[in-house]
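Here's the structure, in structure tokens; my notes come after.
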Amino acid sequence: KRLIPNYDVFDERRYFSYDSTFKPIEINGIKTGILICEDLWDTHYETKPAKELVKNGAHLLIVINASPFHIDKFKLRRNLISTKSETFNIPIIYVNMVGGLDEIVYDGRSFVTNENGEIIYKANAFKEDIFSFNLKIGEGTVVSGEISSIDWGSGPHFLKIEMDPSGGTDYILN
């Protein structure tokens with residue numbers, strides 16, 4: 001996590017510490033950049049985490065979010081992620097929380113873009129959902145996967161990401 005908001009409903013300084021590195025991690029041979037929410041919403045920041053991760057060799061970006069709902073929020077997300085995906089010529093997996101927590105509502109709608117910024121898979125809004133996808137990475141690696149949108153307000157959950165170019169990508173929430 002590189003960008004730590006502390007405004008409106010966000011109080012992330014309580015939970016996160018700043019990381020100034022932009023090194024992709026390798027998951028079963030695929031250099032992957034991991035971004036947490038605000039890291040992708042970098043318009044008002046000098047630091048551009050997605051750009052730095054791609055510059056340092058990421059072939060895939062995974063964005064983990066608890067992005068609150070408001071009218072037209074999905075259009076904002078879609079435009080932001082599609083533009084970054086197309087600009088950097090990289091697929092993006094955008095995973096968003098669904099449900100409610102205190103007074104905040106999360107709409108889910110996790111989705112996957114290809115390297116052209118086109119949404120190739122999208123989860124339902126306002127309900128738990130699971131969808132499977134196949135995603136081409138680079139010149140020929142195909143990653144199969146499944147995304148679960150789970151109501152995180154129902155208890156503590158842990159996100160585990162595994163990628164296997166020949167077998168799949170799993171997001172397991174316990």
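The values are calculated or read from the model by the stated rules, or taken from the named source; none is laboratory data. Keep in mind that this is a model prediction, so the values were computed, not measured. We place every Cβ from the backbone using ideal geometry, glycine too, and count neighbours over all the protein chains shown. Side chains are part of the model used for accessible areas, which takes the heavy atoms of the whole protein and leaves out ligands, DNA and RNA. Shrake-Rupley method; radii C 1.70, N 1.55, O 1.52, S 1.80 Å.
See the values below:
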{"read-out": "Subset of segment 116-133 [within 22 Å of N79 (Cα to Cα), free of Cβ contacts under 8 Å to residues at least 24 places away in the same chain and open to solvent by 50 Å² or more (accessible area, probe 1.4 Å)]", "value": "I120, K122"}
{"read-out": "From V105, V95, V112, residue being open to solvent by less than 30 Å² (accessible area, probe 1.4 Å), within 17 Å of D129 (Cβ to Cβ), free of Cβ contacts under 8 Å to residues at least 60 places away in the same chain and outside any helix (DSSP H, G or I)", "value": "V112"}
{"read-out": "Test set (1) under 13 Å from the mean Cα position of the chain (by Cα); (2) modelled with pLDDT of 90 or more - G108 fails condition number", "value": "(2)"}
{"read-out": "Filter result for F88 (open to solvent by 30 Å² or more (accessible area, probe 1.4 Å), under 22 Å from R2 (Cα atoms) and of a type in the set (F, W, Y))", "value": "yes"}
